[in-house]
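Here's the structure we're looking at; comments come further down.
The values are calculated or read from the model by the stated rules, or taken from the named source; none is laboratory data. The structure presented is a predicted model; accordingly, all values stated were derived computationally and were not measured. Quick reminder, even Gly has a Cβ in these numbers, built from the backbone with ideal geometry, and neighbours come from all protein chains shown.
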Amino acid sequence: MIGSMIAIAALTLHVAGIFAAMHAVMHTRTAQGAFAWVLGLVLLPYVTLIPYFFLGSSHFGGYVDLHRQRQARFFMLHEEAEHPARPGILPVTAPVNDERYEAIGRMLKTAMHGGNGLALHIDGDDAFKAMFAAIARAEHYVLVQFFIIHDDVLGRRLRDALLDRAAAGVQVCLLYDGIGSHDLPASYIEALRSGGVNAHPFATRRWRNRLQLNFRNHRKVLVVDGVRGFVGGLNAGDEYLGAKPPLSPWRDTHMEIEGPAVADLQRVFAEDWYWVTGERPPSSPPPERCGRANTMIVATGPADRQESCSLFFTQAIHAATRRVWITTPYFVPDQAVFGALRLAVFRGVDVRILIPSRPDHRTVFMASTLYAHEATLAGIRMFRYQPGFIHQKVMLIDDDTAVVGSMNMDNRSFRLNFEISALNVDTTFADQIEAMLVHDFAQSEEVNQNDYDRLTYLQRVALHVARLFDPVL
């Protein structure tokens, strides 16, 4: 009797595994990912079926259509242009044409705006000092979005700063990721809401996404009064100030924008906010001109029809004629991005990539180690940052273009996370990024082609096994 029940249960699991494998074949974004899921679901449904329910989906169900509908209802550029004086409607400045990045704008239905003033903030102390100062000066509204918020010293500073503005009559909207901030206590949010802060987790909400651990909102955005915006790699936790060994000191980068591009930061936040709350956050027109930089806000995610983050990296790398310097904590490129990097080397471009020397995620670190070895064989110069953990997401292209944001060079950012970066064309800002990266490279050790050969056979096998998990890293 017991044997029959076990046999029926096993048969049921295998049948369910076959149906799940059919779903994976039809819906997984990459052939490699589909093959990995199918193999596991058909042969080992006992261990892969449940993880597939949590990790298998590759499209953010429901958000895709609503993303388009809400753009049409609230953010259509022609409506904003025709009604620049309407309350809550943001005006559109004439876009700047740059042939190198025009395809990115078309793909994302966004534009590059001129007249922006930019400020670079290196590491957490400088960045949060500037952000808290901007929040303290807010007169009308504050829009805040982080992937991670901790109930620690920095997290409580953020809470108190937002409560202070709310007490002064300023509208405060806070969005945080439900998984990234999974250990944030309910008392933290209750204190904010009791003090007048409108705080919400980014959640899937639709039943077909309910079990998914994918589709995290990895964006970091701060907008104050529509005048000033911040974007970059920092979250609100003590580790981002370098206060938590063994990863400290923590190396990260944020940037500040003042000018027309702030309107696009507001739009990105507004779409996420509307998805979660069904309401539109406050907005106001940004300043028309605060500097000479041209800036395009690049927001990507699983609601896009294309694999927009991967394509963004690919096009930006293809645009380079002299130099591509990249820093990323997770170097797990897909074939398109890796191919673009290798082709850049053959064009004579100086390609350098800076990655950590110590892991915060062991499997990703092992996969990155193998990719770093293969990159050196292709002529890409790889460096490991020595003082601490490097978390910044920065790209320098030639002498005038710098990208700062939340995008990692891995499958999760390419296809599963909602991400945001600022692509800036300005020689002065690019010079600042160059000086920062030169200092970073000076504190790094270059990866040698022989480093891989020095590993034991079992260590090399482990690296190759880790890379098999590319689709979910």
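General remarks:
- Condition check for Ala186: without any contact (Cβ under 8 Å) to a residue 24 or more places away in the chain and closer than 20 Å to Leu162 by Cβ: yes
- Any strands (runs of 3 or more DSSP E) falling wholly within region 97-198 and containing at least 1 residues that are on the phi > 0 side of the Ramachandran plot and in contact with a Cys (Cβ under 8 Å, 6 or more places away or on another chain): 112-122
- Any hit, region 447-466, residues being surrounded by 13 or more Cβ atoms within 10 Å (Cβ to Cβ), in contact with a strand residue (DSSP E or B) (Cβ under 8 Å, 6 or more places away or on another chain) and not in a helix (DSSP H, G or I): yes
- Answer residue from region 308-319, given it is in contact (Cβ under 8 Å) with a residue 40 or more places away in the chain and either of a type in the set (Gly, Ala, Ser) or surrounded by fewer than 22 Cβ atoms within 10 Å (Cβ to Cβ) (or both) and is farthest from Phe215 (Cα to Cα) among those: Ala319
- Scanning region 127-149 for residues that are surrounded by fewer than 19 Cβ atoms within 10 Å (Cβ to Cβ) and either touching a Pro at 6+ places or on another chain (Cβ under 6 Å) or touching a residue at least 24 places away in the same chain (Cβ under 8 Å) (or both) yields a total of 6.
- For region 360-368, the criterion of being of a type in the set (Ser, Thr, Tyr), crowded, with 24+ Cβ neighbours inside 10 Å and modelled with pLDDT under 95 is met by at least one residue.
- Single match in Arg292, Arg305, Arg322, Arg347 (criterion: surrounded by fewer than 17 Cβ atoms within 10 Å (Cβ to Cβ), over 19 Å from the mean Cα position of the chain (by Cα) and more than 27 Å from Ser444 (Cα to Cα)): Arg292
- Residue match in region 413-434 (condition: outside the structural domain of Trp275 (by TED's automatic domain parsing), among the hydrophobic types (A, V, I, L, M, F, W, C) and within 20 Å of Val345 (Cα to Cα)): no
- Scanning region 332-387 for residues that are polar (S, T, N, Q) and within 14 Å of Ile317 (Cβ to Cβ) returns a single hit, Gln335.
- Pairing residues of region 443-454 that are free of Cβ contacts under 8 Å to residues at least 60 places away in the same chain with residues that are in a loop (DSSP other than H, G, I, E, B), at Cβ distances under 6 Å and at least 6 apart in sequence or on separate chains, gives Gln443/Gln386; Gln443/Pro387.
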